[in-house]
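What follows is a set of notes on a single structure, which appears directly below.
The values are calculated or read from the model by the stated rules, or taken from the named source; none is laboratory data. In this text the structure is predicted, and so the values were computed from the model without any measurement. Positions of Cβ are backbone-derived with ideal geometry, glycine not excepted, and every protein chain shown enters the neighbour counts. The accessibility values were calculated without ligands, DNA or RNA, using every heavy atom of the protein model including side chains. Shrake-Rupley method; radii C 1.70, N 1.55, O 1.52, S 1.80 Å.
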There are 2 protein chains.
Amino acid sequence: MTDRPETGARAEPDFDEEYADLGATTRNAMEIAETSMDIVREFVPDETLADRLRQKSVHSMGDIEFQHLLRFTGTGPDGDPDEDAPVRAGARAVLDAATVVTDITMVKAGITGRGHDCEVIKAIGRGTELAERTGMTRTAASMLELDGEGALDGSVVTVGNAPTAALALADCIEQGTRPAVVLAHPVGFVKAEESRARIREACEARGVPAITHVGRRGGSGLAAALTNELIHVATDVRTGELELPPGSGDDGGAA
Amino acid sequence: MTDRPETGARAEPDFDEEYADLGATTRNAMEIAETSMDIVREFVPDETLADRLRQKSVHSMGDIEFQHLLRFTGTGPDGDPDEDAPVRAGARAVLDAATVVTDITMVKAGITGRGHDCEVIKAIGRGTELAERTGMTRTAASMLELDGEGALDGSVVTVGNAPTAALALADCIEQGTRPAVVLAHPVGFVKAEESRARIREACEARGVPAITHVGRRGGSGLAAALTNELIHVATDVRTGELELPPGSGDDGGAA
């Protein structure tokens, strides 16, 4: 199969035939994705909404053990910790066509355009003047500028790359900003883990639902995948496959 | 520090002051990146060009052990395997302002716009008709369409997400296509690892330098980071910090 004569010709008909055959096993990306999720479900529980995000984390990281690194911050109607709370809050925000805010272009590029009416905006590119004047990172400045415009309140805020953006977001939340849900997944060796701990601390103190993880790994791919799963949960609610408990104030709201 | 009164006010002067202070330790993203690379260099060798890519993989994956998963395909002037060959080939292609081709938008979004004159294009979005007609994935079809246009020859081709794009690329190479260098880093449980093995096999057989990895992990962030490191190597050559051995045919070329 790999030993075809090297003709230099790239006649489309040959490719058609070859890929029509290959198609018998791979068929299309949807089937690959479904097969992949079937494999994931052999190793990750499939009971709760949080489990759906655990599955997605394993899928996007290509690592079965990553499921154990996710952390869910939020409370249920009874005020007790509830892992599903940030998933419900995120799905409700998507159904309400809330704004989705990402830190950088790469995360925005990874968020599906289908299944929602949310505007997806990126922070990066804003706050240039503030960054130059103060020496803070561009991503931190961009997050503060968005906050000043009120763009973070009620939004799905996803930080996939920049620890300083997550640190700035934690400060905004402590100052009174109320995203619908926060996803924080910076990767790396400097301030990434610390920034996610700060997000958990600020979100728990102020009643903002959040999805984060522990450790040094993570990144834009994970952040986009988990945001997409909130969109998929919202789609399942919209199509009647899934029902969320009524009300949303019990999942967070101002402390 | 986290216990400031919740005033709801987000006066910029407060933030300025706070971040100017924070700036004393984090200063800016460049410093975070440098500190981070210093940590990485404690755990990854710093001897060869391939080591630079190992360092970058560790940095982008947030995992010190990832360095051992990279694979370098290529030969030196003596015809023996040479891990630095694909790095040299990639840097030379960047210096020649070769086209950089990515499979999906997210990888393209992660590639720096600085330090090179390369046009960066993405495959996805092309080949729609071919995909519909044959049932192959859109990313596979898009890669074949680019190949039909001759856009892969002499290019830096980076596949970060789609196994079927990597499989299609391997077929193109076996048909006679000659990228300057291939980076293949699909993530996941279905065909990702297989697609990278196929790239290694095709590239080794046809003398195309390649950077890949083993295992199920990987993804767009890794692919973009390694492509960016080729750009950084090229910059070091341009500024005289680094010298590449003359000639390039010895790093690959038609078998």
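For the rotation bringing A onto B, which A residue has its Cβ nearest the axis, and at how many Å?
Residue nearest the A-to-B axis, with distance in whole Å: A:ALA109, 2.
Just how much of B:MET61 is accessible, in Å², when a 1.4 Å probe is used and the result is rounded to the nearest 10?
20 Å²
At 7 Å along Cα-to-Cβ for each site, give me the label-to-label distance between B:ASP78 and B:ASP96 in nm.
2.5 nm
Provide an ascending nm list, one decimal, of label-point separations from B:GLY125 to the equivalent residue in each further copy; define each label point as 7 Å from Cα along Cα→Cβ.
So the distances to the same position in the other copies read 1.4 nm.
Would you please name the GluC sites (Glu not before Pro) within region B:112-168 that are DSSP coil residues with at most 13 other C-beta atoms within 10 Å of their C-beta? It would help to have the intermediate numbers written out before the result.
Values: sites: B:GLU119, B:GLU129, B:GLU132, B:GLU145, B:GLU149; in loops: B:GLU119, B:GLU149.
Listed in order of number, the matching sites are B:GLU119, B:GLU149.
At what distance in angstrom do the alpha carbon centres of region A:191-221 and region A:82-110 lie from each other?
15 Å
I'd like the accessible area for A:LEU69: 1.4 Å probe, protein heavy atoms, all chains in place, Å² to the nearest 10.
Number for this one is 50 Å².
Let me see the pair-distance distribution of region B:111-158: every alpha carbon pair, 10 Å bin width, integer percents in order.
With a bin width of 10 Å, the distribution comes to 26, 45, 23, 6, 0.
Rounded if a/c is under 1.5, else prolate if a/b is larger than b/c, else oblate: which is region B:106-226, with a ≥ b ≥ c the root eigenvalues of its Cα gyration tensor? Each step should come with its number before you reach the end.
On the way: a/c = 1.17, a/b = 1.07, b/c = 1.09.
The shape class here is rounded.
Determine the shielding of peptide A:181-191 by partner chains: average, over its residues, the number of Cβ atoms on other chains within 10 angstrom of each Cβ. Numbers along the way, then the final one.
Working: counts 0, 0, 0, 0, 0, 1, 6, 11, 14, 10, 5.
Mean inter-chain Cβ contacts per residue within 10 Å come to 4.
Kindly state, to the nearest 0.05, the FRET efficiency for B:GLU243 paired with A:THR128, given R0 = 45 Å and r defined as their beta-carbon distance. Intermediate values should be presented prior to the final figure.
Values: r = 36 Å, r/R0 = 0.81.
After rounding to 0.05, the efficiency reads 0.80.
If we hang a label 7 Å off Cα along the beta carbon direction at A:GLU204, how far is it from the matching labels on the other copies, in nm, shortest first?
5.0
Please compute P(r) over all alpha-carbon pairs of region A:49-251, binned at 5 Å starting from zero, and give each bin as a whole-number percent.
Calculated P(r), rounded to whole percents: 1, 9, 18, 22, 23, 16, 8, 3, 1, 0, 0.
Which FRET efficiency value, to the nearest 0.05, do you get for B:GLU47 and B:ILE121 by plugging their Cβ-Cβ distance into 1/(1 + (r/R0)^6) with R0 = 41 Å?
0.75
Provide, in order from the shortest bin, the percent of all Cα-Cα pairs of region B:165-208 in each 10 Å bin, continuing until the bin that contains the maximum pair distance.
Cα pair-distance distribution for region B:165-208, in percent: 33, 55, 12.
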